[in-house]
1. Rounded to the nearest 500 deg cm²/dmol, what is the calculated helix-only ellipticity per residue at 222 nm for the chain, with -39500 (n - 2.57) per DSSP H run of length n ≥ 4?
2. Between residue 413 and residue 263, what length in nm is gained on full extension when 0.36 nm per residue of separation is reduced by their alpha carbon distance?
3. Suppose we keep just the alpha-carbon trace of the range 76-128; what are its Rg and Dmax in angstrom?
4. So which chymotrypsin sites (Phe, Trp or Tyr not before Pro) in the range 311-395 are both in a DSSP loop and have at most 14 other Cβ atoms within 10 Å of their Cβ?
5. Which value, in Å² rounded to 10, gives the accessible area of residue 142 with a 1.4 Å probe and all protein chains present?
6. Can you give the % of DSSP beta bridges in the range 45-444 that are antiparallel, to the nearest 5?
7. Provide the FRET efficiency to the nearest 0.05 for the residue 297-residue 214 pair, computing r from the beta carbons and using R0 = 25 Å.
8. How many angstrom lie between the C-alpha centres of the range 84-132 and the range 232-253?
Amino acid sequence: MWEYLLLSAISGFAAFKLALILYRRRTYPEPHYDWNHIKTDSLSFPDGFYWGSATAAHQVEGNLTNNWTVHEERKNLEKSGAACDHWNRWKDDFQMMSDLGLNSYRFSIEWSRLEPEPGQWNKKALDVYSEMIDDLIQRGIRPVVTLHHFSHPKWWEEKGGFANQDNLPEFLAYCERVFDALSDRVETWVTINEPTVFSAMGYTLGMFPPGKRSIRLTLRVMRNVMRGHAIVYRSLKKKQPGARIGVAKNVTLFDPRNRWSPIDWPLSRLLEWLWNGAWRNGIQKGRMLFANIPEAKDSLDFVGLNYYTHFLTGIFIPTRGELQFPKRKHEVATEFGYPMYAEGFRRAIEFVAPLNVPIEITENGVADAKDSLRPEHLMRHLWIVSEAINDGFDIRSYHHWSLMDNFEWAEGYSMRFGLHHVNFETQERTIRPSGELYRDIIAAN
Ligand code: GCO
């Protein structure tokens, strides 16, 4: 008798799930616009909107020693080396931002500079960041400070980094120290950049440090990164209730490569849930990937959104080496390989909106050495933001990735994301036409 009950319960549940999938498939389609008929230059932005650019310490500062430099050696990747020598040239780089008319700048603090050995703090380095902040404020540029953007000290990596929950107090101590020094002038903070990218690239695909390939470890790291964010959030808010603290979440959309395939569809849903849904669940419910993380519930004052593309999911997803990016026939492939899909930006905004906090666009941009696609890319994405604001979404800022070409992680210097071209031999910066376009848009809005 009970076998029948069990069997009908299971098939009932399966039928329910299937109906849900079919329903969602109707209500969550993959829109594509006819861009020839959209006037992307009719933009409108509210007063007080923040126009910005974004960088990260390891990608621009130069001459670091951290988990990334170890990985560059070990995997024989292109070395970050002097990067943009931004540590010495930051004043000139800030002037470039003033010339663009920016009023917001997202950048990250390099933990390995501040605490090169456990418990040994480099006060001078912290002073430099402090000077940077004074300089930004003088220019009328709001500093948005990221505490962890993929890089951390070697010694912390050797202890397991985010893979070991026992290491989180050290991360917290570092964050508190930075906060104590800068929060009298910095209001807006990003705890961790792209938690899922960090976890998947480092622990599933092995392309980021520590170069591991284990699903179990990945899930553990995802949970610990959420815990790390949450304890930092709680502690900093206690110190200063008025601080605005968030995460920069990369929302990549996973669409079925073949919409009618019984495999591609559920697979894309599964990946989307792992990549995006599980994280949002953690913030909304304090529960993530079968673990209770109650301190994570409602631990955001704003959500940072990094948007680049959608990933067309099929059964053959390479999990080793270079990622291959399929695209729809009419889509343009960017230099990175993935398609330009500005329509997805709207979907990403809709995805984070239920968190019910203001949205800051913390990254959006494209690798394009010749600057042949970037102007169009910029116009389409800004149009999406402008439309979304007009439709009532509470979007406060747009930070273009990036101010200048820089070290693009596993891709090294081959991918150029800059509004400014950088000659890495002479360190000369030159504005690209898209930089001028961005400057003009900012002036007009
Ligand atoms: C990331 C980072 C940036 C990248 C940018 C371009 O997404 O990996 O936040 O550091 O450089 O997104 O790929």
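1. Result for the chain, helices only: -13000 deg cm²/dmol.
2. This chain segment gains 50.3 nm when fully extended.
3. 14.2, 40
4. 316
5. Near enough 30 Å² of accessible area.
6. Roughly 15 percent of the DSSP beta bridges within the range 45-444 come out antiparallel.
7. E between residue 297 and residue 214, to the nearest 0.05, is 0.35.
8. 20 Å
The values are calculated or read from the model by the stated rules, or taken from the named source; none is laboratory data. A quick note: this is a predicted structure, and the numbers were derived from the prediction, not measured. Methodologically, a virtual Cβ is constructed for each residue, glycine included, from the backbone with ideal geometry; neighbour enumeration extends over all protein chains shown. Note: areas computed on protein heavy atoms with side chains; ligands, DNA, RNA excluded. Shrake-Rupley method; radii C 1.70, N 1.55, O 1.52, S 1.80 Å.
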